[in-house]
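For reference, the structure discussed in these notes is given below.
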Amino acid sequence: MPDCIFCKIVAREIPAAIVYEDDSSLAFLDARPINPGHTLLIPKAHYKNLYDMPDELLSSFMPIIKMLAIAIKKAVNADGINIGMNNDGAAGQIVMHHHTHIIPRYSNDGYEHWKGKEYTSKEIELETAQKIKSALS
Ligand code: 5GP
Ligand code: ZN
């Protein structure tokens, strides 16, 4: 993908602080970290987001995410790790090359979690679950 910033990082056309690489994946520091050590894991091949990722490639990523999470936590002495993935613009995806955020967190880093909303009724909750079940089949 000629205009994709992450494809350019894979091709070494633009620099990045790479922390891990294998035949099909690359991990490097996010240029605007939530906290230092915030890392992005990407496939070397261009896929827009989760929906497009081949299952086999996606499955191979989870052990790498675990390995990176443990290493990052140790390296920056974090209290916890958030794993995040934004799919589509509405969910905050800005770079349209699939990536997983591995974010070190500290008890006192000042970030707040999203505040959940309650369902307005049990009926709506069950209806929503039914819609998802139907969409799965
Ligand atoms: P998104 O919102 O798409 O999930 O996140 C994209 C992430 O990529 C952002 O956190 C942003 O800081 C990071 N990013 C964007 N451009 C570059 C870049 O050129 N180099 C690096 N290392 N990170 C980038
Ligand atoms: Zn790309």
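Structure notes:
- Count - residues of region 101-119 that are farther than 29 Å from F6 by Cβ and open to solvent by 100 Å² or more (accessible area, probe 1.4 Å): 6
- Within region 34-48, the set of residues being within 14 Å of ligand 1 (Cβ to nearest atom) and either part of a strand (DSSP E or B) or among the basic types (K, R) (or both) comprises T39, L40, L41, I42, K48.
- Out of A31, A27, sole residue that is aliphatic (A, V, I, L, M) and within 8 Å of ligand 1 (Cβ to nearest atom): A31
- Hey, R12 loosely packed, with under 14 Cβ neighbours inside 10 Å, in a loop (DSSP other than H, G, I, E, B), within 16 Å of ligand 2 (Cβ to nearest atom) and of a type in the set (K, R) or not: yes
- Residues of region 58-94 satisfying the condition of being open to solvent by 60 Å² or more (accessible area, probe 1.4 Å) and assigned to a helix (DSSP H, G or I): S59, M62, P63, K66, M67, I70, K73, K74, A75, A90
- In region 49-57, the condition of being within 16 Å of ligand 2 (Cβ to nearest atom), assigned to a loop (DSSP other than H, G, I, E, B), buried (at least 18 other Cβ atoms within 10 Å of the Cβ) and touching a residue at least 12 places away in the same chain (Cβ under 8 Å) is met by no residue.
The values are calculated or read from the model by the stated rules, or taken from the named source; none is laboratory data. Predicted model only: the values in this text are computed from it and were never measured. Note that each Cβ is placed from the backbone with ideal geometry, even for glycine, and that neighbours are counted across all protein chains shown. To get the accessible areas, we keep the full protein, side chains included, count just its heavy atoms, and leave off ligands, DNA and RNA. Shrake-Rupley method; radii C 1.70, N 1.55, O 1.52, S 1.80 Å.
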